[in-house]
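Each remark here refers to the structure printed beneath this line.
The values are calculated or read from the model by the stated rules, or taken from the named source; none is laboratory data. Predicted model, so just to flag it, every value in this text is computed and none were measured. A quick note on method: Cβ atoms are made from the backbone with ideal geometry, for glycine too, and the neighbour counts reach across all protein chains shown. Ligands, DNA and RNA are stripped out before the accessible areas are found, and what is left, the full protein with its side chains, is counted by its heavy atoms. Shrake-Rupley method; radii C 1.70, N 1.55, O 1.52, S 1.80 Å.
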Amino acid sequence: MAKKQYLQASLDDLIALEKALQAYIKAYRTCGKTSPLYTQSKALRLKYHPAYQRLLSTPDDLSKDLMAWQYEPFEHFTEFPNELKFTLPDGRKVRSKSELIIGMELLRNHIPFRYEEALLLGTKIVYPDFTILHPVTSVLWRWEHLGLLQDMRYRIKNANKLSDYVLNGYYPGINFITSCETDSDPWDLVKTTAILQQD
């Protein structure tokens, strides 16, 4: 009897995961081919391409207000402060090497961001890894990095969270970014750069 209940509970978890992933995939396909940070403007893509960046872009191009925004006080995740082990060049701390890579690239590309800022999704408060202020359009983006996808409980928990994002108006390629890794396929600089340059 106990085994039957356990198997039924496992089946319920998998059904919930499948529904969440279907909602996520549907929203992703609806978005079409979009640029996650830069819009479809050819000029903007050139401006933020590494080969052109030194020639066309400097920190002075950005509004001082946009850059100041990332350092203003905001409600953030306060649990487990001892896990903030990795320090960005501007002194901010993150929890993982992968988040350090992402934060470094955002800084290098002069993209203002906040780390683990509170966000209300329906009745739940979540803390996206990065809240990004688009330096041209001033649209707020959320970026979630999923770093333990080899763990089943972690996958189910985050599939449900991704579903909550979609249900509350955060769509991949429009105002939401996800990145993923496992032990056998770790995150790196190449993958981060690919996201920032994605067409």
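Within segment 170-186, count every residue that is open to solvent by less than 30 Å² (accessible area, probe 1.4 Å) and over 12 Å from the mean Cα position of the chain (by Cα).
Taking segment 170-186 as the starting set, the residues that turn out to be open to solvent by less than 30 Å² (accessible area, probe 1.4 Å) are 172-173, 175-177, 179, 181.
Filter once more, keeping what is over 12 Å from the mean Cα position of the chain (by Cα): 181.
The qualifying residues number 1.
Give all pairs with beta carbons closer than 6 Å in which a residue from segment 118-131 that is touching a residue at least 40 places away in the same chain (Cβ under 8 Å) and closer than 11 Å to His76 by Cβ meets a residue that is among the aliphatic types (A, V, I, L, M) and outside any loop (DSSP other than H, G, I, E, B); count only pairs at least 6 apart in sequence or on separate chains.
Ala118/Ile125
Could you please find all residues in segment 149-199 being among the aromatic types (Phe, Trp, Tyr) and not in a strand (DSSP E or B)? Explain how you work it out, then say what you get.
First pass over segment 149-199, keeping only residues among the aromatic types (Phe, Trp, Tyr): 154, 165, 170-171, 176, 187.
Matches in segment 149-199: Tyr154, Tyr165, Tyr170, Tyr171, Trp187.
What is the number of the single condition among (1) open to solvent by less than 20 Å² (accessible area, probe 1.4 Å); (2) more than 26 Å from Ser184 (Cα to Cα); (3) out of contact with any helix residue (DSSP H, G or I) (no Cβ under 8 Å at 6 or more places or on another chain); (4) modelled with pLDDT of 90 or more that Glu99 does not meet?
All conditions are met except number (2).
Quick one: would you say Thr39 is open to solvent by less than 40 Å² (accessible area, probe 1.4 Å), within 18 Å of the chain's Cα centre (by Cα) and modelled with pLDDT under 95? Steps first, please.
Details: open to solvent by less than 40 Å² (accessible area, probe 1.4 Å): no; within 18 Å of the chain's Cα centre (by Cα): yes; modelled with pLDDT under 95: yes.
The answer is no for Thr39.
Tell me, yes or no, whether segment 104-124 has at least one residue that is assigned to a helix (DSSP H, G or I), closer than 21 Å to Gln70 by Cα and open to solvent by less than 40 Å² (accessible area, probe 1.4 Å).
Residues of segment 104-124 that are assigned to a helix (DSSP H, G or I), as a first pass: 104-108.
After this cut, where a residue has to be closer than 21 Å to Gln70 by Cα as well, the list is 104-108.
Okay, now just the ones that are also open to solvent by less than 40 Å² (accessible area, probe 1.4 Å), so 105-106.
Within segment 104-124, one or more residues are assigned to a helix (DSSP H, G or I), closer than 21 Å to Gln70 by Cα and open to solvent by less than 40 Å² (accessible area, probe 1.4 Å).
Hey, could you check segment 89-103 for residues that are among the small types (Gly, Ala, Ser) and assigned to a loop (DSSP other than H, G, I, E, B) and say which is nearest to the chain's Cα centre (by Cα)?
Going through segment 89-103, the residues among the small types (Gly, Ala, Ser) turn out to be 91, 96, 98, 103.
Now narrow it down to the ones that are assigned to a loop (DSSP other than H, G, I, E, B): 91, 96.
Details: Gly91: 20, Ser96: 14 Å.
Top of the filtered list is Ser96.
So the check is Cβ under 8 Å with 6+ separation or different chains; which pairs have a first residue in segment 136-155 that's under 18 Å from Met67 (Cβ atoms) and a second one that's surrounded by 13 or more Cβ atoms within 10 Å (Cβ to Cβ) and modelled with pLDDT under 85?
Close Cβ pairs (under 8 Å, with a partner that is surrounded by 13 or more Cβ atoms within 10 Å (Cβ to Cβ) and modelled with pLDDT under 85) amount to Val136/Tyr38; Val136/Thr39; Val136/Leu44; Thr137/Thr39; Ser138/Leu66; Trp141/Pro36; Trp141/Leu37.
Scan segment 150-169 for residues that are surrounded by fewer than 17 Cβ atoms within 10 Å (Cβ to Cβ) and within 20 Å of Ser184 (Cβ to Cβ) and jot them down.
Of everything in segment 150-169, those that are surrounded by fewer than 17 Cβ atoms within 10 Å (Cβ to Cβ) and within 20 Å of Ser184 (Cβ to Cβ) turn out to be Gln150, Asp151, Met152, Arg153, Tyr154, Ile156.
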